[in-house]
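The values are calculated or read from the model by the stated rules, or taken from the named source; none is laboratory data. Remember, predicted model here, so these are calculated numbers, not experimental data. Accessible surface is based on the protein model in full, side chains and every heavy atom, while ligands, DNA and RNA are left aside. Shrake-Rupley method; radii C 1.70, N 1.55, O 1.52, S 1.80 Å.
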Amino acid sequence: MGRASKPPRHAGLLRRALGLLDVVGVGRGAIIGADLFVVTGVAAGVAGSAMLVGLVIAGAGAKYEYANLVLNPSLGFAAG
């Protein structure tokens, strides 16, 4: 068999450690991510093909709201 390889010289620059806040953040992200898929599935079961219309309307509204708040109202109006 071959010899064990040496770790790279930069291997000790970063710590491999997660604090409490890091672990809570990963957990919250997993819960929110799973929730989005579950809720989308439930909505598709209830609304059927009309869900696609709802997603398009929600997407257009989100684009308008983002441009309205971040840029200015006239650009938000143009985007919506």
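Of note:
- Lone qualifier among Gly33, Gly61, Gly29 - being open to solvent by less than 70 Å² (accessible area, probe 1.4 Å), modelled with pLDDT under 80 and part of a helix (DSSP H, G or I): Gly61
- For the stretch 7-21, a residue qualifies if it is in a helix (DSSP H, G or I) and at pLDDT below 90, and the qualifying residues are Arg9, His10, Ala11, Gly12.
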